[in-house]
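J.: Take a look at this one; I'll ask things after.
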Amino acid sequence: MKVLQLINSLGAGGAEKLLVDAAITYSKLGVDVDILLLKNVDSPFISKLNDYPNINVFWLSTTTSVYNPLHIVKLRKHFSKYDIVHVHLFPCLYWASVASMIGKKPKMIYTEHNTTNRRRSSKLFKFLDKIIYKRYDEIVSISDSVDENLKKHLGSSFNNITKIYNGIDLQEITEAKPYQKEELELLDNNVALMQVSSFTAQKNQNFLIRSLKELPDNYVLLLVGEGALRKESEELAKTVGVENRVHFMGVRKDVPRLLKSVDIVILSSHFEGLSLSSVEGLASGQPFMASDVPGLTEVVKGAGVLFEDDNEDSLIPAIKKLAEDAKYRNDVASKCQERAKTYDILTMCRQYQVLYQKNN
């Protein structure tokens with residue numbers, strides 16, 4: 001059984017990291033797996049594959065936009081070499097579906113990574129989506145909210161949707177060694193908050209930057225990631241007068257160590273599918289906070305701390321309580337670590353193996 005994992009690129013993102021970690025896990029489980037990218041870009045994850053020469057990484061272009069429909073023809077040539085094609089993200093969703101209409105069709109699997117998207121508000125795309133998704137033998141949703149919204153979007157005729165929670169390498173987080181505060185240019189009395197996410201409107205870093213103004217001066221914010229809105233966030237930090245308390249750290253390869261080095265891990269997204277950053281935050285050994293929104297509520301409720309989306313009056317007291325009440329902080333951190341065990345990548349990959357082998 002030869003499996004091809006298809007994604008837009010291996011740029012810095014949750015789905016991209018998940019794919020690389022999953023490919024490594026599949027390889028350890030004896031699955032013959034390769035990775036195909038629509039476009040090759042600089043990636044913080046690609047070096048993890050150096051120790052696994054049996055996992056081949058191919059790409060269709062280094063310059064062509066991922067939205068170019070000419071990728072369809074090139075995809076068809078790759079598909080003929082594999083028994084299973086496992087697709088992630090749009091526009092791979094569309095291009096792979098159309099490519100599967102040409103010649104012999106491999107078994108097609110698609111993983112839905114987000115709770116919603118702009119296509120679903122368009123009557124045209126809602127019609128097209130139903131045609132496109134029909135080409136997939138199995139469709140996977142990654143959380144309760146993703147599952148509910150996808151089924152509502154596609155309708156009752158789709159009876160091939162399976163829910164499999166995303167997973168992380170829990171051992172990698174557990175074994176990571178924290179930095180000393182001075183190594184991160186922090187003072188001993190700093191209370192360090194950290195969010196790991198791309199700079200997009202969905203992730204809402206600007207809310208955290210504005211909120212920092214309402215916290216004591218020894219509170220600092222570490223923002224790990226890149227994205228189109230980073231410059232805007234940097235300007236906002238200057239505007240509200242907290243530029244010396246916000247550390248823009250870019251893309252990092254040492255996220256597990258960073259997670260274990262801060263006081264509170266946070267995610268302020270407006271919505272999520274099933275965020276790997278949230279699961280890593282839960283597993284870090286530090287207390288984890290998240291906005292009470294679809295894709296985060298179900299992961300965090302009963303373990304970490306939830307605050308109202310975009311509401312400083314909800315966020316600020318919750319941060320202070322974690323920072324000032326050691327017993328409460330330790331209790332939350334312990335519950336978070338226990339909850340993270342639900343999202344083990346080995347469990348996830350074994351569930352996908354069942355789908356791979358179904359009717360094969």
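J.: Can you find a residue in the stretch 166-177 that is under 28 Å from Thr25 (Cβ atoms) and either among the small types (Gly, Ala, Ser) or in contact with a Gly (Cβ under 7 Å, 6 or more places away or on another chain) (or both)? Don't jump to the end; show me each part of the working.
T.: Of the residues in the stretch 166-177, the ones under 28 Å from Thr25 (Cβ atoms) are 166-177.
If we keep only those that are either among the small types (Gly, Ala, Ser) or in contact with a Gly (Cβ under 7 Å, 6 or more places away or on another chain) (or both) as well, we get 167, 176.
Yes; the residues of the stretch 166-177 include at least one that is under 28 Å from Thr25 (Cβ atoms) and either among the small types (Gly, Ala, Ser) or in contact with a Gly (Cβ under 7 Å, 6 or more places away or on another chain) (or both).
J.: Hey, does the stretch 163-180 have a residue that's open to solvent by less than 70 Å² (accessible area, probe 1.4 Å) and without any contact (Cβ under 8 Å) to a residue 60 or more places away in the chain?
T.: No, the conditions are met nowhere in the stretch 163-180.
J.: Taking the stretch 228-254 on its own, how many of its residues are open to solvent by 50 Å² or more (accessible area, probe 1.4 Å), closer than 18 Å to Pro216 by Cα and in contact with a strand residue (DSSP E or B) (Cβ under 9 Å, 6 or more places away or on another chain)?
T.: The qualifying residues number 1.
J.: Among the residues of the stretch 130-189, write down those that are under 26 Å from Gln337 (Cα atoms), among the hydroxyl-bearing types (Ser, Thr, Tyr) and assigned to a loop (DSSP other than H, G, I, E, B).
T.: Selection gives Ser143, Tyr165, Tyr179.
J.: Same structure, new question: Hey, does the stretch 265-282 have a residue that's assigned to a helix (DSSP H, G or I), more than 14 Å from the chain's Cα centre (by Cα), of a type in the set (S, T, N, Q) and under 17 Å from Ser141 (Cβ atoms)?
T.: no
J.: Checking Phe307 against (1) under 17 Å from the mean Cα position of the chain (by Cα); (2) among the aromatic types (Phe, Trp, Tyr); (3) open to solvent by less than 20 Å² (accessible area, probe 1.4 Å), only one condition comes out false. Which one?
T.: For Phe307, the failing item is (1).
J.: List the residue pairs whose Cβ atoms are under 8 Å apart, where the first residue sits in the stretch 115-141 and is of a type in the set (A, V, I, L, M), the second is part of a loop (DSSP other than H, G, I, E, B) and open to solvent by less than 40 Å² (accessible area, probe 1.4 Å), and the two are 6 or more positions apart or on different chains.
T.: As it stands, the answer is Ile139/Phe158; Ile139/Asn160; Val140/Ile164, since those pairs meet every condition given.
For every residue, the table says whether it meets (1) open to solvent by 20 Å² or more (accessible area, probe 1.4 Å); (2) of a type in the set (Lys, Arg); (3) more than 16 Å from the chain's Cα centre (by Cα).
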| site | (1), (2), (3) |
| --- | --- |
| Thr115 | no, no, no |
| Phe127 | yes, no, yes |
| Asp137 | yes, no, yes |
| Ser143 | no, no, no |
| Glu148 | yes, no, yes |
| Lys152 | yes, yes, yes |
| Leu187 | yes, no, yes |
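J.: Moving on to the next point. I need the full set of residues from the stretch 334-349 which are touching a strand residue (DSSP E or B) at 6+ places or on another chain (Cβ under 8 Å) and within 28 Å of Asn190 (Cα to Cα), in order please.
T.: Restricting attention to the stretch 334-349, the residues satisfying the condition of being touching a strand residue (DSSP E or B) at 6+ places or on another chain (Cβ under 8 Å) are 336, 340, 343-345.
Cys336, Ala340 - these are the residues of the stretch 334-349 that are touching a strand residue (DSSP E or B) at 6+ places or on another chain (Cβ under 8 Å) and within 28 Å of Asn190 (Cα to Cα).
J.: State all residues of the stretch 142-162 that are touching a residue at least 40 places away in the same chain (Cβ under 8 Å) and hydroxyl-bearing (Ser, Thr, Tyr); if no residue qualifies, say none.
T.: Listed by number, the residues that qualify are Ser143, Ser145, Thr162.
The values are calculated or read from the model by the stated rules, or taken from the named source; none is laboratory data. Here the structure is a predicted model, which means the values were calculated and not measured. For neighbour counting, all protein chains shown are included, and Cβ atoms are generated from backbone atoms with ideal geometry for every residue, glycine included. Heavy atoms of the whole protein, side chains included, go into the accessibility calculation; ligands, DNA and RNA do not. Shrake-Rupley method; radii C 1.70, N 1.55, O 1.52, S 1.80 Å.
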